[in-house]
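What follows is one structure encoded as structure tokens, with my remarks underneath.
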Amino acid sequence: MKPILVLAGAAATIAIVVALMAPTLSRAQEAGAPAKTLKPVSAFDSIADEKARSIAIFEETGKVLLDPRCVNCHPKGDSPLQNNLAKHEPPVSRGEANFGMAGMQCTTCHGPTNVDVVGQAATIKSIPGNPNWHVAPIEMAWEGKTLAEICVQIKDQNRNGGKTLAELVEHMAKDDLVGWGWNPGKGREPVAGTQAEFGALYEAWAATGAHCPAS
Ligand code: HEC
Ligand code: HEC
């Protein structure tokens, strides 16, 4: 009897150790992809020319801006996109206020937080959620645009919701809907780096004149 009890004890210990280790795996690792990273602001210190430095910093933030997690909600058409810029299923319309149509509001399906879909056979692993879940207004469409075009557009107060440069930086660094990109729910790859690193890059971009790439 005794040796079997010892063995069972060892197995239980191993199971506990494995369980304790599991939460240290990042979401990206769980999804089978390496985590995407952002360079820190200091990586651009060696670029002496201020305008060139500003542009290089902006281009680094483009890793996030052009990610489907952001572009899916900044579409050029009437409907949001999903996964890798695919059509939203079921079909939905932005409606007059960008919160969907009567009877088919975004919040009919999207709750205040991400909700896991349970069951081995489920093809959709989770439904994204946020208390403010709705599609970006049409003048803020990024789908199909170059990074240079998006740069000019997000600085343009006629197309960015009237934001000053400081407010734009604040939005990137702190907005909760933007922040969803780093916490997109099971089955979706988060955007690169962290929102704090992303915000720091925008601060450095603004401090160096907020220059945009030429094309
Ligand atoms: C669920 C949909 C949704 C997602 C996901 C989303 N956005 Fe937005 N975004 C909006 C809406 C709605 C607005 C306009 C309302 C507001 O300013 O909060 C907006 C506005 C913005 C603005 C302000 C002005 C402009 O010119 O676009 C920026 C900047 C922005 N989003 C960045 C991002 C970034 C970066 C990501 C990805 C990390 C992202 N958004 C993901 C819905 C979304
Ligand atoms: C009938 C239910 C339903 C309605 C209404 C709905 N959605 Fe969705 N939406 C979903 C489901 C389910 C998913 C997850 C699909 C998947 O992961 O394959 C999803 C995914 C998304 C995604 C993709 C996130 C990503 O990066 O992959 C976006 C963006 C989105 N919805 C925006 C909206 C917006 C904005 C509205 C309102 C105009 C809306 N949805 C209305 C059910 C709905």
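FYI, it's all coordinate maths here, none of it is from the lab. Because the structure is a prediction, the values reported are computed rather than measured. Every residue, glycine among them, receives a Cβ derived from its backbone with ideal geometry; neighbour counts consider all protein chains shown.
Roughly speaking, what is the stretch gain from Lys163 to Ala196, that is 0.36 nm per residue apart minus the C-alpha to C-alpha distance, in nm to one decimal?
9.9 nm
With a cut-off of at most 16 other beta carbons within 10 Å, and DSSP calling the residue loop, which trypsin sites (Lys or Arg not before Pro) in segment 77-157 qualify? Please list them.
Sparse-neighbourhood loop trypsin sites (Lys or Arg not before Pro): Lys125.
How far is it, in nm, from the label point at Lys87 to the one at Lys155 when both lie 7 Å from their Cα along the line to the Cβ?
Simple spin-label model gives 3.8 nm for this pair.
Tell me which of Leu85, Ala136, Cys151 sits at the most positive position along the dipole axis of segment 25-182, charges placed on C-beta atoms (Lys, Arg +1; Asp, Glu -1).
Leu85
Sorted by average packing, counted as other Cβ atoms within 10 angstrom per residue and highest first, what order do 41-47, 196-202 take?
The peptides rank, most packed first, as 196-202, 41-47.
If Lys and Arg each add +1 and Asp and Glu each add -1, what is the summed charge of the other residues whose beta carbon sits under 10 Å from the beta carbon of Lys63?
-1
Can you tell me how segment 119-215 classifies by the Cα gyration tensor, rounded, prolate or oblate, using a/c under 1.5 as the rounded cut?
It is prolate, given that a/c is not under 1.5 and a/b is the larger ratio.
Mind checking which aspartates and glutamates have their C-alpha under 15 Å from Lys174, skipping anything on the same chain fewer than 8 residues away?
Here the aspartates and glutamates satisfying the reach criterion relative to Lys174 are Glu197, Glu203.
Could you tell me whether segment 81-176 comes out rounded, prolate or oblate from its Cα gyration tensor? Rule is a ≥ b ≥ c as square roots of the eigenvalues, rounded for a/c under 1.5, then prolate if a/b exceeds b/c, otherwise oblate.
Verdict is prolate for segment 81-176.
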